[in-house]
There are 4 protein chains.
Amino acid sequence: MRIGVVGASGYTGSELVRLLAHHPGGLEVAMVTSRSQAGTPLADLWPNLRGYTDLVLEPYEVAVLRERVETVVLAVPHKVAQEYVPELLEAGLRVVDFSADYRLHNAQTYEQWYHTPHTSPHLLQEAVYGLPERYRERIRTARLVANPGCNATSAILGALPLVENRIVDPTSLIADTKTGISGAGPRAEVRYLYATREANVVAYNIAVHRHTPEIEQELQAVTDEPVRVSFTPHLVPMSRGILTTIYADLKSPWRTEEVLELYRLRYKDEPFVHVLGAGQYAETKAVLGSNNVHISLAVDERVQRVIVTCVLDNLVKGAAGAVVQNLNLMAGLDETAGLRFPGLMP
Amino acid sequence: MRIGVVGASGYTGSELVRLLAHHPGGLEVAMVTSRSQAGTPLADLWPNLRGYTDLVLEPYEVAVLRERVETVVLAVPHKVAQEYVPELLEAGLRVVDFSADYRLHNAQTYEQWYHTPHTSPHLLQEAVYGLPERYRERIRTARLVANPGCNATSAILGALPLVENRIVDPTSLIADTKTGISGAGPRAEVRYLYATREANVVAYNIAVHRHTPEIEQELQAVTDEPVRVSFTPHLVPMSRGILTTIYADLKSPWRTEEVLELYRLRYKDEPFVHVLGAGQYAETKAVLGSNNVHISLAVDERVQRVIVTCVLDNLVKGAAGAVVQNLNLMAGLDETAGLRFPGLMP
Amino acid sequence: MRIGVVGASGYTGSELVRLLAHHPGGLEVAMVTSRSQAGTPLADLWPNLRGYTDLVLEPYEVAVLRERVETVVLAVPHKVAQEYVPELLEAGLRVVDFSADYRLHNAQTYEQWYHTPHTSPHLLQEAVYGLPERYRERIRTARLVANPGCNATSAILGALPLVENRIVDPTSLIADTKTGISGAGPRAEVRYLYATREANVVAYNIAVHRHTPEIEQELQAVTDEPVRVSFTPHLVPMSRGILTTIYADLKSPWRTEEVLELYRLRYKDEPFVHVLGAGQYAETKAVLGSNNVHISLAVDERVQRVIVTCVLDNLVKGAAGAVVQNLNLMAGLDETAGLRFPGLMP
Amino acid sequence: MRIGVVGASGYTGSELVRLLAHHPGGLEVAMVTSRSQAGTPLADLWPNLRGYTDLVLEPYEVAVLRERVETVVLAVPHKVAQEYVPELLEAGLRVVDFSADYRLHNAQTYEQWYHTPHTSPHLLQEAVYGLPERYRERIRTARLVANPGCNATSAILGALPLVENRIVDPTSLIADTKTGISGAGPRAEVRYLYATREANVVAYNIAVHRHTPEIEQELQAVTDEPVRVSFTPHLVPMSRGILTTIYADLKSPWRTEEVLELYRLRYKDEPFVHVLGAGQYAETKAVLGSNNVHISLAVDERVQRVIVTCVLDNLVKGAAGAVVQNLNLMAGLDETAGLRFPGLMP
């Protein structure tokens, strides 16, 4: 399957090319585009790719993409994605969209959180939320896959067994996320400078972060009880990685080992989700650069609350790795092809 | 007031000497002791103190301390503090204890969380919890001050106005702490190595961290409603700093600005506690190296929950700075003497 | 002495305000200006200054400065400084200039390295290079002080005793500098982002860095042998700090202890320069946030070469601390006033 | 080829297992040993390997190794390696040694730098220095390969074309290395703690670092002019990565582009060595986690000196990646098998 990456100058585009350099075959990046950097060899922007790719960034043109690729990965901001998706689908291309534009099924919810109208609401029902751990079969044949937000993936995978098994009050859910700075993309702003962020932790977008409705939508999809999530993101001084700590009130007494057993059952066939043993703690570095998710948990019996920690690499399982997983499914390949490498420690 | 620092080779001891190098007068470190490093000049261990102190680490001896100082600061682990405190008090010395041994009023609670008997429970009622924002007057005349835990200080100061004003359900309290690695002290263990902790976030001691009962004790002290706190500490890749995120369910609808007003009222006369405006976010680096506390908050009206973030430097306001503040009070000096410098940015 | 800071929104301006918050008296920042941020309270840009200053950034106007201050600190880029300095001097103000515009005595050298003409070459001879360790007496009465570059200060102080004592071939000098990212100022560029610089070391401006002619000028000033320096700066992943490693070929066999003795003699009356003992190594963190300089060295007898390492905080001794030292001298105060605090470890 | 890793609990052992998890086939880790951790599953020590290996650390026993593997990789300290190597060879096993014990051909040089006698000097001539860029053919059939030191690899590859082409004075060579903390191994010492090393740069072992004689030996091997190297290592705050800056006096005027051409010629068939263009600067992060080497250089015509920067990942090309490269050669496989992935940016 030949792939075009639109908006390939950023972190997710270059990460996708990095990951496909590992790929054993069946997926090939045949074209990369960028509005601002057209004409620049990708390896000049990303020196880690020197020797791995001769791709040169080109302008975005549907006609050229149609000729040269079957599937387009959109690595552009929300709102821009809405401009491109309809014409790409119309041109007969399949699309995987990194942006938030097609993640929410409800256009009103979209407009409420993103403060902008949705211009192709008819596609919201067709779009498949690109979380293979939930929608593997639908992804295989999808025309339009909406890749999940990185924070959302960690919150959803971390909380899913609690909600599916109805052992917690789903209005009590709290997701406290610690995220690496690369989550902001290569945005040249003072607040993302090294000197600003070294030795610095800060919360941001409290109560208004746009990954909240995704998390609620996907957890609501597995229960008929009402779901409400407080999602609080924090920047921590590291480039990559997310650790989400999830708090939920247990409806009745459960022990750590019993809850762990529910997680093991839920994820036993999932190639990338690893449930740690009691007393072990998931750490972000164990999955650095990899597509793996590690989950650990403990029940605080004193207050009858379960506390889950879920880690992943925001640029891999939280972004480009999930795209490769989805592309593998869409191309009829082994879902894990090109993604079976461990994280980088130390 | 002449001061002896017992166990001065670690972070808190050296930080105390660093801070007193700023001090305008009235407090003087006259003796430093260390079991393992006796004979070593303090500035050989801590090259930042080169040119600031000629102190040489000496063995611990009560008789010598009694001759040379009026007040002893204990920077030794819990259990060891219990061995020293009774004999130091008996020798007529006043004591500020960095350890947890005299923070809890109830010996049974101590034994339950620290898994060791308390050998001087009679002193627990006399000891004053060294948080000037609560016990300023008692500290002035105290014989024994128990300096709070660094995480506890941030959780207590962050949650106090919520509980005092009875606007939240005090059984719903969650404190999710992000702490710098220096919180562990200079312990030579693989898990605290640079290569282990770079780009790595991990939760630890979930549901069993020993700062929990301190936080509950001090919040319980301001209300007759039952208080329960889930306290979850996380290591984040930075040397110094703590950010605690507090979640609490509001009993009735409140708006961000209204809750902020309660905080401003509570802390308006506190020299080191700064309440930020709506839409501002407290960040650890703004208080790096200083005795300041910054607090920001937001109400998530959608879920009727208040989310507070409270930052401080774990080695200053969380340890040695609080000791200086307490020593100033005990010596009858201006409480802020030697502590009026800003944090280090960038 | 009332001081105006022009271009106060950047790192050096805010650092100056931070340092003067320590100052015991005699220096007062009475006005701060910024072209881009006029109207903004300084503490809104720099939250560490919250509670320390009510200063609001104002537009630059000579007439207003003349009314309200006696001395102006210029924290603007080179070329811009040239526009301001003549009119400020003409208005009867004294000036300390952070930029490179008046550091070089020779206008041709300036033009060769900065690729721009010098518009007030007549001031180059009057300007005093603001290194108190060399020009203390001239600084006291100077109208115009050119504050040294941060890298230059570390290279000059590190090499000075070698050249003054003529024990090395001064054409063999190499200065290999490792600098924190704050050296670049708060420039919002991708190459200075946290995600770019974490775990990343890179050399830059090899053979063309503009601190080279300063270093050569100041070392040439103490010898009649020709001086040539290879200066190679590197960015290392830290916010603050410089370590410069200096290599020089010894003219004849010397031993480490003998060379150390020359350094101790040279710096014995310098309040901020500390020479370490044989076998000790200067480290940047020992001087973090302070005005101190630590120097260590070793002779490699096998190759008859001396290797010196010199550390300082680029924003303090390398910038705002040196300014305070110079302002103290200009105001007839104790040179060390407000600067006698140790570095921040750990 | 079945491989046994002796001393597999450290960084290099786990990194080797991580890399072989990428390997397409032909190399298999069949046994891992550890004196201190026997009985522990490797993935319990290294959570990134969870799901990738069931290997359990076993005691070291030659007889068992002989039965289960053909080749042993020794990841033990120098001196210990000397105890094992003779008996392993005698047992008919091939050996790749991570330690320094068999890198130097001359036992006296070894004893002078390592301050310990060599107990099997007869093997020093047989041992092949494991740098494929020099000894590819001899490695294929070697019984004993001495894997190079990480700093040495970067200095040798960075300087080789200069010395081979006789364009510099080989007594003027200086190698100034900036190394990540993982270079020290998982040694639980205060000086390697996160809180010690954050924001901290320091030189160490000036004039006495043990990689010096390796560098001299290998550069001496390509010229009959006498070679002398000043090697100065620095710790910089990052886990992985080495940047070596090499200074050398040119014998006659050369231009940057001409010297680059010599490098391109030298390395044109080397799969892992990339020579950057004029004006580009090698950065450590571009090769993070990969087996690649990036080299950039500039001539400082003003002082007739060439300045080269050479980067690699100390745990990959500087250690375990080089071992895989050597094992591929020894097993008759494609030298690049399992090593063809790019570095991790950002």
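The values are calculated or read from the model by the stated rules, or taken from the named source; none is laboratory data. These numbers come from a predicted model, not from an experiment. Reconstructed Cβ throughout: ideal geometry from the backbone, glycine too, with neighbour counts over all protein chains shown. Keep in mind that these areas ignore ligands, DNA and RNA; they rest on the heavy atoms of the full protein, side chains included. Shrake-Rupley method; radii C 1.70, N 1.55, O 1.52, S 1.80 Å.
The rows are residues; the columns are (1) farther than 21 Å from D:GLY343 by Cβ; (2) in contact with a Ser or Thr (Cβ under 8 Å, 6 or more places away or on another chain).
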| position | (1), (2) |
| --- | --- |
| D:THR256 | yes, no |
| D:SER290 | no, no |
| D:VAL299 | yes, yes |
| D:VAL316 | no, yes |
Candidate set: the stretch C:154-196, residues that are within 12 Å of chain D (Cβ to nearest Cβ), touching a residue at least 60 places away in the same chain (Cβ under 8 Å) and part of a loop (DSSP other than H, G, I, E, B); chosen: the one nearest to A:ASN200 (Cα to Cα): C:GLY180
When residues of the stretch D:222-239 are limited to those that are touching a residue at least 40 places away in the same chain (Cβ under 8 Å) and open to solvent by 10 Å² or more (accessible area, probe 1.4 Å), the one nearest to the other protein chains (Cβ to nearest Cβ): D:ARG228
Number of positions in the stretch D:223-238 that are within 26 Å of C:ILE307 (Cβ to Cβ) and outside any strand (DSSP E or B): 8
Among residues of the stretch B:4-14, those that are part of a loop (DSSP other than H, G, I, E, B) and open to solvent by less than 10 Å² (accessible area, probe 1.4 Å), counted: 1
Count of residues meeting criterion [within 14 Å of chain C (Cβ to nearest Cβ), in a helix (DSSP H, G or I) and either open to solvent by 40 Å² or more (accessible area, probe 1.4 Å) or of a type in the set (Gly, Ala, Ser) (or both)] in the stretch B:15-63: 3
Some residue of the stretch A:92-99 being part of a helix (DSSP H, G or I) and farther than 23 Å from A:GLY26 by Cβ: no
Residues of the stretch C:143-152 classified as over 12 Å from the mean Cα position of the chain (by Cα) and open to solvent by 10 Å² or more (accessible area, probe 1.4 Å), total: 1
Failed item, numbered, when B:MET1 is tested on (1) buried (at least 21 other Cβ atoms within 10 Å of the Cβ); (2) farther than 15 Å from B:VAL76 by Cα: (1)
Flag if B:ARG66 is open to solvent by 50 Å² or more (accessible area, probe 1.4 Å), more than 14 Å from chain C (Cβ to nearest Cβ) and assigned to a helix (DSSP H, G or I): yes
Residue match in the stretch B:106-128 (condition: in a helix (DSSP H, G or I), closer than 30 Å to B:LEU297 by Cα and open to solvent by 10 Å² or more (accessible area, probe 1.4 Å)): no
Residue, nearest to the other protein chains (Cβ to nearest Cβ), within the stretch B:240-253, restricted to residues that are outside any strand (DSSP E or B) and surrounded by fewer than 23 Cβ atoms within 10 Å (Cβ to Cβ): B:PRO253
B:ALA337 vs. criteria away from chain A (no Cβ under 14 Å) and among the small types (Gly, Ala, Ser): yes
Qualifying residue in the stretch B:86-108 (condition: among the aromatic types (Phe, Trp, Tyr) and under 22 Å from B:LEU329 (Cβ atoms)): yes
Criterion violated by C:GLU218 - all others in (1) open to solvent by less than 20 Å² (accessible area, probe 1.4 Å); (2) of a type outside the set (Lys, Arg); (3) not in a helix (DSSP H, G or I) satisfied: (3)
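Condition (residue is assigned to a loop (DSSP other than H, G, I, E, B) and touching a Phe, Trp or Tyr at 6+ places or on another chain (Cβ under 7 Å)) applied to the stretch D:301-318: is it met by at least one residue?
Looking through the stretch D:301-318, at least one residue is assigned to a loop (DSSP other than H, G, I, E, B) and touching a Phe, Trp or Tyr at 6+ places or on another chain (Cβ under 7 Å).
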Qualifying residue in the stretch B:133-140 (condition: closer than 30 Å to C:MET345 by Cβ and either in the same structural domain as B:VAL287 (by TED's automatic domain parsing) or buried (at least 23 other Cβ atoms within 10 Å of the Cβ) (or both)): no
Those residues of the stretch B:279-314 which are closer than 17 Å to B:THR153 by Cα, more than 7 Å from chain A (Cβ to nearest Cβ) and charged (D, E, K, R), in sequence order: B:ASP313
Members of the stretch A:168-180 that are in contact with a strand residue (DSSP E or B) (Cβ under 8 Å, 6 or more places away or on another chain) and within 21 Å of B:ARG305 (Cβ to Cβ): A:VAL168, A:ASP169, A:PRO170, A:SER172, A:LEU173, A:ILE174, A:ALA175, A:ASP176, A:THR177, A:LYS178, A:THR179
Every residue from the stretch B:197-208 that is buried (at least 22 other Cβ atoms within 10 Å of the Cβ) and either at pLDDT 95 or above or more than 8 Å from every other protein chain (Cβ to nearest Cβ) (or both): B:ARG197, B:GLU198, B:ALA199, B:ASN200, B:VAL201, B:VAL202, B:ALA203
Any hit, the stretch D:29-45, residues being in contact with a Leu (Cβ under 9 Å, 6 or more places away or on another chain) and touching a residue at least 40 places away in the same chain (Cβ under 8 Å): no
Verdict on D:GLU70 being over 13 Å from D:GLY7 (Cα atoms), free of Cβ contacts under 8 Å to residues at least 40 places away in the same chain and touching a strand residue (DSSP E or B) at 6+ places or on another chain (Cβ under 9 Å): no
Exclusive hit being open to solvent by 10 Å² or more (accessible area, probe 1.4 Å), more than 13 Å from A:LEU49 (Cα to Cα) and among the aliphatic types (A, V, I, L, M), set D:VAL308, D:VAL275, D:VAL316, D:VAL323: D:VAL275
Qualifying positions in the stretch D:169-192 - surrounded by fewer than 24 Cβ atoms within 10 Å (Cβ to Cβ) and among the hydrophobic types (A, V, I, L, M, F, W, C): D:ALA184, D:ALA188, D:VAL190
Residue in the stretch A:258-276 that is assigned to a strand (DSSP E or B), modelled with pLDDT of 95 or more and facing chain B (nearest Cβ under 10 Å) present: no
